[in-house]
Amino acid sequence: MNYKYLLIISLILVSCKKKENLPIFVIGHAGAGLEFSGSVYHGNSEEAMDYALNMPNCDGVEMDLRMAADGTLWLSHDQTLDIETKASGCVGDKLSDELINIQYSTLKKEKLAQLSDIEIFREGDQKLFVDVKHFNFCQNSIQDVSLFLSSLNSWRATISNSNDRIQLIISNADWIEAFQLAGWNVLFSTDDAELRKQLSLDYPNLKGFVCKNGECSKNQVDEIKSAGKAIYLYEVRSPKALKQVREKNPTGVMSDDLQGAIVEFK
């Protein structure tokens with residue numbers, strides 16, 4: 001057989017070889033993706049969460065959570081409503097009656113989602129990663145941790161297998177102890193390697209960390225895992241980024257390209 005044809009056949013066989021499945025949790029970032037052109041629904045909408053959790057081999061979803069002035073909890077990423085909706089101001093300054101009819105400025109006009117209303121979260125075994133947004137940009141102030149915690153505790157009571165499924169993502173170190181004392185599984189979000197080391201010493205029961213893919217090297221991932229902590233990477237939107245994650249082999253990836261991550265790792 002001509003060597004040229006042998007080479008072609010070899011290349012085809014290599015390209016068709018199935019990738020090794022890795023024990024990496026695949027999590028939908030903001031549900032179906034955040035700031036990703038391929039997302040079917042607006043990030044953090046109820047539709048996005050439903051879409052992601054119904055996708056085969058999706059291990060769970062990440063959501064951004066803000067607290068309204070009356071203590072109700074709403075899925076929202078941006079510091080102000082002006083950025084992605086026709087409303088103005090901050091979630092933290094509004095009451096439920098003001099938030100309930102706000103829609104995103106998208107083709108599908110998805111509504112701002114109240115955490116307690118999302119039925120798909122209540123049953124099942126998929127993971128729920130809740131990114132707690134503690135800062136009120138409009139007031140330039142930290143929100144009331146006790147009220148935030150009380151509202152989250154009420155929601156947790158409605159979720160089956162909540163201790164196994166829910167993990168909170170905190171970015172304010174002053175809030176870690178309060179949530180741990182209330183029995184929550186806490187991850188800390190930071191790209192600062194030195195801060196991660198210090199927090200691991202100060203809070204030995206911290207479950208792990210969340211880090212931008214571009215800011216967390218393979219060595220740092222290995223170091224965190226060897227210390228018995230979980231490490232989740234985010235800002236993963238491209239095939240190149242997915243390959244980087246594969247090489248780093250973290251605990252999980254919060255991917256904006258959920259379908260691409262499932263193909264890559266499952």
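The values are calculated or read from the model by the stated rules, or taken from the named source; none is laboratory data. On a predicted model such as this, the values are computed, not experimentally measured, just so you know. With ideal geometry, Cβ positions are generated from the backbone for all residues, glycine too; neighbour counts draw on all protein chains shown. Remember, those area values only see protein heavy atoms, side chains included, never the ligands or the DNA or RNA. Shrake-Rupley method; radii C 1.70, N 1.55, O 1.52, S 1.80 Å.
Show me, for region 47-56, the HN-Hα J-couplings you get by feeding each phi into the Karplus relation (A = 6.51, B = -1.76, C = 1.60, θ = phi - 60°), rounded to Hz, glycine and proline as x.
Listing the rounded values in order: 4, 5, 5, 4, 4, 5, 6, 8, 7, x Hz.
Using Cα atoms only, what is the angle between the long axis of helix 193-202 and the major principal axis of the chain, expressed in degrees (0 to 90) to the nearest 10?
It works out to around 60 degrees.
Dipole magnitude of region 162-261 about its Cα centre, charges +1 at Lys/Arg Cβ and -1 at Asp/Glu Cβ only, in debye to the nearest 20? Write down the numbers at each step before the final one.
Details: 13 positive and 14 negative charges, 88 e Å.
Rounded to the nearest 20 debye, it is 420 debye.
Between residue 85 and residues 5 or more places away or on another chain, which pairs have amide H atoms under 5 Å apart, with H built 1.01 Å from N, and which residues are they?
For residue 85, the qualifying residues are 105.
Where both partners of a DSSP beta bridge lie in the chain, what percent of those bridges are antiparallel, to the nearest 5?
Within the chain, antiparallel bridges account for around 20 percent of the total.
If each DSSP helix of 4+ residues adds -39,500 (n - 2.57) and the sum is divided by the residues in the chain, what number results at 222 nm, nearest 500 deg cm²/dmol?
The per-residue figure over the chain is -9000 deg cm²/dmol.
Calculate one ³J(HN,Hα) per residue across region 157-171 by plugging θ = phi - 60° into the Karplus curve 6.51 cos²θ - 1.76 cosθ + 1.60, and present them in order as whole Hz with x for glycine and proline.
Karplus values, whole Hz, x for Gly and Pro: 5, 9, 9, 6, 6, 4, 5, 7, 9, 9, 10, 8, 10, 10, 10.
Peptides 150-160, 183-193: what's the order by average Cβ count within 10 Å, highest mean first?
183-193, 150-160
Run the dipole for region 31-85 about the Cα centre, Lys and Arg Cβ at +1, Asp and Glu Cβ at -1, nothing else charged, and hand back the magnitude in debye, nearest 20.
My answer is approximately 80 debye.
Determine the relative contact order of the chain: mean sequence separation of Cα pairs under 8 Å and six or more apart, normalised by residue count, in whole percent.
Answer for the chain is 21 percent.
Note down the accessible area of residue 142, probe 1.4 Å, to the nearest 10 Å².
Residue 142 exposes around 90 Å² with every protein chain in place.
For a quick check: with amide H placed at 1.01 Å from N, whose amide H comes under 5 Å from residue 188's, ignoring anything fewer than 5 positions away on the same chain?
Sorted by chain and number, the residues that satisfy this are 170, 208, 209, 210.
Arrange the peptides 43-49, 253-259 so that the one whose residues have, on average, the most other Cβ atoms within 10 Å appears first.
253-259, 43-49
For semi-axes √(5λ) of the Cα gyration tensor in Å, the listed values are (i) 30, 23, 19; (ii) 35, 23, 16; (iii) 54, 22, 11; which was obtained by calculation from the structure presented?
(ii)
Working from Cα positions, state the angle (0 to 90°, nearest 10) between the long axis of helix 239-248 and the longest principal axis of the chain.
Compared with the principal axis, the helix lies near 90 degrees.
Around residue 43, which amide H atoms from residues at least 5 apart in sequence, or from another chain, sit under 5 Å from its own amide H, with H modelled in the peptide plane?
Close amide H contacts, sequence-distant or interchain: 35.
Just to make sure I understand: if all protein chains stay in place, what is the order of 109, 229, 243 by accessible area at 1.4 Å, largest first?
Numbers: 109 85, 229 25, 243 115 Å².
Ranked list, largest accessible area first: 243, 109, 229.
Which order do peptides 195-206, 118-129, 65-76 fall in by mean Cβ count within 10 Å, highest first?
Per-residue mean Cβ counts within 10 Å order the peptides as 65-76, 118-129, 195-206.
Under a GNM of the chain (C-alpha, springs under 10 Å), which listed residue has the highest mean-square fluctuation: 26, 61, 145?
Most flexible of the set in this elastic network: 145.
So, in Å, what gap is there between the alpha-carbon centers of region 103-179 and region 18-70?
Cα centroid to Cα centroid, the span is 14 Å.
Roughly what would the spin-label model give for residue 202 and residue 226, points 7 Å off Cα along C-beta, in nm?
Placing both labels 7 Å beyond Cα along the Cβ direction yields 2.5 nm.
If you line up the long axis of helix 145-156 against the longest principal axis of the chain, both from Cα atoms, how many degrees apart are they, to the nearest 10?
Result, in degrees: 60.
Under 1.5 on a/c is rounded, so check that first for region 109-266, then, if it is not, pick prolate when a/b is larger than b/c and oblate when it is not; a ≥ b ≥ c are the square roots of the alpha carbon gyration tensor eigenvalues. Can you show the working numbers first?
Details: a/c = 1.60, a/b = 1.21, b/c = 1.32.
Oblate shape, in that a/c is at least 1.5 and b/c is the bigger or equal ratio.
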